[in-house]
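A.B. asks: One structure, pasted below without further comment.
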Amino acid sequence: MFNYTFQWNQALKALPQMLDGALVTVQVAILSMVIGLACAIALTVFRLTGNRVLSGLAATWIEVARNTPALFQIYMAHFGLGNFGIHLSPYTALLAGIAFNNAGYLAENFRGALKAIPETQTRAARSLGMTSLQAFRFIVVPQMLRIAYLPATNQMVWAILMTSLGVTVGMNTDLAGVTQELNARSFRTFEFFAIAAVIYYVIAKAVTLAARALAWRMFRY
């Protein structure tokens with residue numbers, strides 16, 4: 001019944017191509033986090049302004065990003081915008097979809113981190129002669145970063161894994177895309193995707209360990 005013959009040599013020969021794809025995967029993940037972080041900061045500011053329009057825009061973005069599938073968001077960037085004459089390449093659509101998702105989750109992380117800091121600390125800083133900006137910069141922000149850091153690390157790992165969805169919109173240069181093309185030529189599904197899974201695991205684990213080491217240096221006091 002089980003007559004499958006493993007051919008690991010064929011898969012291992014393609015390892016350099018898969019590693020090249022892994023570099024693209026990491027590149028997309030990092031760029032999506034940078035863009036997502038910038039958008040998340042803007043969304044957090046919008047929610048703090050008290051302006052109903054800006055606050056509503058931020059709330060809508062966050063709700064859509066957090067309560068719809070990431071695949072849907074990538075599809076909308078690639079196929080949905082095409083209906084309006086905006087045609088994005090698979091790479092750009094994948095980057096835009098993941099960045100949109102990252103922004104929603106990071107903005108909510110920042111909001112939760114800000115709410116976790118007692119207002120009494122800001123009042124205490126003001127009583128010592130600090131301005132509102134100084135209190136926010138020197139008292140609130142350092143504590144907010146400490147609280148939001150680990151959730152942001154988790155989002156980075158999630159961004160790495162989300163890049164595999166790019167294959168559904170024709171992305172063929174990242175790890176998942178390269179693996180799928182190799183599989184289509186050889187039909188060695190188990191071998192290629194097993195190696196790809198190991199590479200994804202190593203990347204995610206490396207990010208987690210690096211983030212913990214950095215957290216230990218930044219937040220040990």
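A.B. asks: Charges on Cβ only, +1 for Lys and Arg, -1 for Asp and Glu, centred on the Cα centroid of the chain; of 142, 76, 195, which one is farthest towards the dipole's positive end?
C.D. replies: Value computed over the given set: 142.
A.B. asks: Take every Cα pair under 8 Å in the stretch 111-172 that's 6+ residues apart, average their separations, divide by the length, and report that relative contact order as a whole percent. Write out the running numbers ahead of the final one.
C.D. replies: Numbers: 21 pairs, mean separation 20.4, N = 62.
Across the stretch 111-172, relative contact order equals 33 percent.
A.B. asks: Can you give the helix-only mean residue ellipticity at 222 nm for the chain, where every DSSP H stretch with n ≥ 4 adds -39500 (n - 2.57) and the sum goes over all residues, rounded to the nearest 500 deg cm²/dmol?
C.D. replies: Details: 10 runs with 166 residues, N = 221.
Mean residue ellipticity at 222 nm (helix-derived): -25000 deg cm²/dmol.
A.B. asks: Next question. Which residue fluctuates most in the GNM of the chain (Cα springs below 10 Å): 154, 51, 183?
C.D. replies: Per the Cα network of the chain with a 10 Å cutoff, 51 tops the list.
A.B. asks: A further question on this structure: Find the centroid of the Cα atoms in the stretch 103-171 and in the stretch 9-54, then give the distance between the two in whole Å.
C.D. replies: Distance between centres, Cα-based: 16 Å.
A.B. asks: Taking only protein heavy atoms and a 1.4 Å probe, what accessible area per residue, in Å², does the chain have with all protein chains in place? Mind dumping the intermediate values first?
C.D. replies: Working: 12890 Å² over 221 residues.
With all protein chains present, the chain gives 58 Å² per residue.
A.B. asks: Search the structure for amide H atoms under 5 Å from the amide H of residue 130, placed 1.01 Å from N in the peptide plane, and list their residues when 5 or more places away or on another chain.
C.D. replies: It is none; the list stays empty.
A.B. asks: Quick one: compute the contact order of the stretch 52-142, relative version, from alpha carbon pairs under 8 angstrom and 6+ residues apart, as a percent.
C.D. replies: Numbers: 59 pairs, mean separation 23.5, N = 91.
With pairs under 8 Å counted, the relative contact order is 26 percent.
A.B. asks: How large is the charge dipole for the chain, taken about the Cα centre, if only the Cβ atoms of Lys, Arg (+1) and Asp, Glu (-1) carry charge, to the nearest 20 debye? Could you put the intermediate results ahead of the total?
C.D. replies: Details: 16 positive and 7 negative charges, 176 e Å.
Result for the chain is approximately 840 debye, rounded to the nearest 20.
A.B. asks: Next up: Once the dipole of the chain is set up with Lys and Arg at +1 and Asp and Glu at -1 on Cβ about the Cα centre, which of 186, 216, 6 lies farthest towards its positive end?
C.D. replies: 216
A.B. asks: Only helices at least 30 Å long along their own axis, judged from Cα atoms, and with Kyte-Doolittle mean hydropathy of 1.0 or greater: name those in the chain from DSSP H. Walk me through the numbers before you get to the answer.
C.D. replies: Numbers: long enough: 15-49 (50 Å, 1.68); 90-115 (38 Å, 0.29); 189-218 (43 Å, 1.30).
Those that pass (Cα extent of 30 Å or more, hydropathy at least 1.0) are 15-49, 189-218.
A.B. asks: Taking all protein chains in place and a 1.4 Å probe, what share, in percent, of the accessible surface of the stretch 1-83 do carbon and sulfur account for? Mind dumping the intermediate values first?
C.D. replies: Working: 3600 of 5310 Å².
Carbon and sulfur: 68 percent of the exposed surface of the stretch 1-83.
A.B. asks: Something else: Once you've got the GNM for the chain with C-alpha springs shorter than 10 Å, pick whichever of 179, 60, 120 has the biggest mean-square fluctuation.
C.D. replies: Among 179, 60, 120, the largest GNM mean-square fluctuation belongs to 120.
A.B. asks: Relative contact order (percent) for the chain, with alpha-carbon contacts under 8 angstrom and 6 or more residues of separation? Walk me through the numbers before you get to the answer.
C.D. replies: On the way: 238 pairs, mean separation 61.7, N = 221.
Once divided by the residue count of the chain, the mean separation gives 28 percent.
A.B. asks: Taking only the alpha carbons of the stretch 1-89, what extent do you get along each of the three principal axes, in Å, biggest first?
C.D. replies: Here the spans come out as 64, 32, 27 Å, largest first.
A.B. asks: Looking at the chain as a GNM with Cα springs under 10 Å, which of 100, 79, 138 has the largest mean-square fluctuation?
C.D. replies: Among 100, 79, 138, the largest mean-square fluctuation in the Gaussian network model of the chain belongs to 138.
A.B. asks: Now for a different question. With N set to the residue count of the stretch 32-130, report its C-alpha Rg divided by 2.2 N^0.38 Å to two decimal places.
C.D. replies: Numbers: Rg = 16.8 Å, N = 99, 2.2 N^0.38 = 12.6 Å.
Ratio of Cα Rg to 2.2 N^0.38 Å: 1.33.
The values are calculated or read from the model by the stated rules, or taken from the named source; none is laboratory data. Only a predicted model underlies this, so the values are computations on that prediction, with no experimental measurement involved. Note that each Cβ is placed from the backbone with ideal geometry, even for glycine, and that neighbours are counted across all protein chains shown. Surface accessibility is based on the protein's heavy atoms, side chains included, excluding ligands, DNA and RNA. Shrake-Rupley method; radii C 1.70, N 1.55, O 1.52, S 1.80 Å.
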